[in-house]
Amino acid sequence: MPVALAFLGFWPAAIGPGPSKRRRHRTFLSNWLNMMNPHKNGPRNTAVVGLQWGDEGKGKVVDLLTSGHDVIVRYNGGANAGHTIVAGDQRYALHLIPSGILYSGKTCVIANGVVVDPIQLIEEIDSLRDRGIEVGDNLRISDRAHVVMPYHKALDEAMEVARSGATSAQGATLAIGTTKRGIGPTYADKVTRSTAVRIGDLTEPDRLRRRLEHICPMKSAMLASLGADGTLDAGKLSEQLAALGKRLSSHITDTTYLLHDAMAAGRSILFEGANACLLDVDHGTYPFVTSSNCSTLGIPAGTGVPPANVHNVVGIMKAYNTRVGAGPFPTEQDNEVGELIRQKGNEYGTTTGRPRRCGWLDLVALRYSAMICGADSLACMLLDVLSGLEELKLCTQYRLPDGTITDLFLPDAARLGLVEPVYETLPGWSEETADVKDREKLPANAQAYIGRIEEIIGVPIGIISVGPERSQTLAADCWGI
Ligand code: GDP
Ligand code: IMO
Ligand code: MG
């Protein structure tokens, strides 16, 4: 158990900001016990959650952990997510369907907290079937998930154009850089209530038509006021949506009871977070966030499964930071280092193809996300990308405009935009790591880099990824990967 030794080795030397040493030690021991016994006292439910600004490699980890679970559940977001799985010579990019779909005998659930674009979902189902992947009774969709309508996508686009033309007090554009998948407008209608359409409505043509007769004039006026095409026909739209509902009807069910029945039958659940903690609408870098609770705090509301049933949280982090879209990014390297990371890590969006902004690992932000999500262990992804850099910087604190140093994260975008990162510099390594199979066989400087992250965050790294393939994974034995 080399990883165990590494963990036990790092603790006595632990220094740096964070909770008291005694508390960290206790947390470390209980985290370690949790990690060692994912199925202690019967089936254990696991959450996989991104701890940065998305694209940390959640899809790869969900795919890896699927074999040890029975039900895989998406609880938030929509087709703004792009989760990549590489299996042999096959590469899959999933947006709405849980990343567990590649395994037979598993149930994949799109729960009530997700916003579902039925056109995109049907495309995804068809493309998986074309590639020989079974998508039938193994895919269940909540009747209470909200529907992303064509006008939501049009509004997302039109509002983004309007925001691009407006500026803040500091002269910055107000554009968020959304994925234009209709996410914000759909969640807005969910809380507005009278203008919402849920998946269950798609199978009730009369109810759907009546709702759309009420909604369409309002959406038409909104689109026209934003200078977009505002001619919506409720009759045509309800026919189109009812046809999509018919295609999806065999998958639609009450997924809350499904999940509780599964737990009662002793089946284990893997929760797949989309987006990431720093994009969480309440706890992220607001307003440059998405419109759902994408931290683990979104699981209970997004599924109907109480918090106590989430036993094990795996926080997914890249070995550096990236961000797509607008918003503060204190450690961003808009220079040759950022470009090197972008090229080596192929840092281009899975959903939109946009180049991702790249920078040094921000441990102030990571410690905050690990705290919000209750991470029991971390998965450190894309470590292979850092080979060849002479030195590496870890951001351990922020300097505020008045010169004060803090190790607290500032989730308000305007305030975060004013901080300067305080770095610790570590030596890099030149050896490639893509073929390394054991944490102890990593270059000494890479092991020191990993160890320093654990020290500062106070959470063990149980999985290290050195390439997109399933086999390019170094994991503690307990995961059975
Ligand atoms: P997600 O949204 O969190 O599931 O992440 P994405 O799929 O959007 O982006 C992660 C990208 O990194 C994908 O292209 C993965 O195939 C790739 N990837 C995952 N782990 C590794 C790794 O350890 N090394 C490298 N080089 N690529 C990885
Ligand atoms: P996965 O699951 C990276 C970002 C967008 C934009 C902001 C708001 O693949 O990690 P939205 O369309 O949600 O209204 O956009 O959030 N964003 C993501 N960035 N990965 C994601 O998902 C993202 N989901 C949303 O780029 O800045
Ligand atoms: Mg992604």
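The values are calculated or read from the model by the stated rules, or taken from the named source; none is laboratory data. All figures in this text were calculated on a predicted structure; none of them were measured in a lab. As a convention, Cβ positions derive from the backbone with ideal geometry for all residues, glycine included, and neighbour counts pool all protein chains shown.
Given the conditions (1) modelled with pLDDT under 95; (2) over 30 Å from Arg452 (Cβ atoms), report the number of the one that His260 does not fulfil.
(1)
Looking only at residues that are surrounded by 18 or more Cβ atoms within 10 Å (Cβ to Cβ) and among the small types (Gly, Ala, Ser) in segment 461-481, which one is farthest from Arg44 (Cα to Cα)?
Checked segment 461-481; the qualifying residue farthest from Arg44 (Cα to Cα) is Gly467.
Taking the conditions exactly as written (in a loop (DSSP other than H, G, I, E, B) and touching a helix residue (DSSP H, G or I) at 6+ places or on another chain (Cβ under 8 Å)), does Thr195 satisfy them or not?
In short, yes.
Tell me which of these Leu259 doesn't satisfy, since it passes every other one: (1) hydrophobic (A, V, I, L, M, F, W, C); (2) farther than 30 Å from Ile101 by Cβ; (3) surrounded by 14 or more Cβ atoms within 10 Å (Cβ to Cβ).
(2)
Go through (1) touching a residue at least 40 places away in the same chain (Cβ under 8 Å); (2) within 16 Å of ligand 1 (Cβ to nearest atom); (3) surrounded by 14 or more Cβ atoms within 10 Å (Cβ to Cβ) and name the single condition Glu455 misses.
Glu455 satisfies all of (1) touching a residue at least 40 places away in the same chain (Cβ under 8 Å); (2) within 16 Å of ligand 1 (Cβ to nearest atom); (3) surrounded by 14 or more Cβ atoms within 10 Å (Cβ to Cβ) except (2).
Name the single residue that is nearest to Asn80 (Cα to Cα) among those in segment 154-183 being out of contact with any helix residue (DSSP H, G or I) (no Cβ under 8 Å at 6 or more places or on another chain) and in a helix (DSSP H, G or I).
This residue is Glu157.
With the checklist (1) assigned to a loop (DSSP other than H, G, I, E, B); (2) in contact with a helix residue (DSSP H, G or I) (Cβ under 6 Å, 6 or more places away or on another chain) in hand, flag the one item Asp435 doesn't pass.
For Asp435, the exception is condition (2).
Any residue at all in segment 253-272 that's among the polar types (S, T, N, Q), over 17 Å from Gly78 (Cα atoms) and assigned to a helix (DSSP H, G or I)?
yes
Could you tell me which of the residues Gly59, Gly132, Gly77, Gly113 is at pLDDT 95 or above, within 12 Å of ligand 1 (Cβ to nearest atom) and in a loop (DSSP other than H, G, I, E, B)?
That would be Gly77, the only listed residue that is at pLDDT 95 or above, within 12 Å of ligand 1 (Cβ to nearest atom) and in a loop (DSSP other than H, G, I, E, B).
Can you work out which of the residues in segment 290-305 that are within 16 Å of ligand 1 (Cβ to nearest atom) and among the β-branched types (Val, Ile, Thr) is surrounded by the most Cβ atoms within 10 Å (Cβ to Cβ)?
Ranking the candidates gives Thr290 first.
Is there any pair linking a residue in segment 314-341 that is assigned by TED's automatic domain parsing to the domain that holds Ala172 and part of a loop (DSSP other than H, G, I, E, B) to one that is among the aromatic types (Phe, Trp, Tyr) and surrounded by 22 or more Cβ atoms within 10 Å (Cβ to Cβ), with Cβ under 8 Å and at least six apart or on different chains, and which?
The qualifying pairs do not exist here.
Between Lys441, Lys437, which is loosely packed, with under 15 Cβ neighbours inside 10 Å, closer than 29 Å to His83 by Cβ and without any contact (Cβ under 8 Å) to a residue 24 or more places away in the chain?
Lys441
Which of the residues that make up segment 270-318 are more than 16 Å from ligand 3 (Cβ to nearest atom) and under 23 Å from Ile341 (Cβ atoms)?
Listed by number, the residues that qualify are Thr285, Phe288.
Please work out if Thr167 is out of contact with any Cys (no Cβ under 7 Å at 6 or more places or on another chain), surrounded by fewer than 18 Cβ atoms within 10 Å (Cβ to Cβ), more than 30 Å from Gly200 (Cα to Cα) and in contact (Cβ under 8 Å) with a residue 24 or more places away in the chain.
No; evaluated as a whole, the condition is false for this residue.
Which one is nearest to Phe288 (Cα to Cα), of the residues in segment 170-194 that are buried (at least 18 other Cβ atoms within 10 Å of the Cβ) and among the hydroxyl-bearing types (Ser, Thr, Tyr)?
Among those that are buried (at least 18 other Cβ atoms within 10 Å of the Cβ) and among the hydroxyl-bearing types (Ser, Thr, Tyr), it is Thr178.
Is at least one residue of segment 411-432 within 16 Å of ligand 1 (Cβ to nearest atom) and buried (at least 19 other Cβ atoms within 10 Å of the Cβ)?
yes
How many of the residues making up segment 258-275 are away from ligand 1 (no atom under 16 Å from the Cβ) and either aliphatic (A, V, I, L, M) or not assigned by TED's automatic domain parsing to the domain that holds Ser99 (or both)?
Number of matching residues: 7.
Could you grab me the full set of residues in segment 351-393 that are surrounded by fewer than 19 Cβ atoms within 10 Å (Cβ to Cβ) and within 9 Å of ligand 1 (Cβ to nearest atom)?
Scanning segment 351-393 gives a single hit, Thr351.
Looking at segment 81-110, which of its residues are within 13 Å of ligand 3 (Cβ to nearest atom), outside any strand (DSSP E or B) and surrounded by 24 or more Cβ atoms within 10 Å (Cβ to Cβ)?
Ala81, Leu96, Ser99
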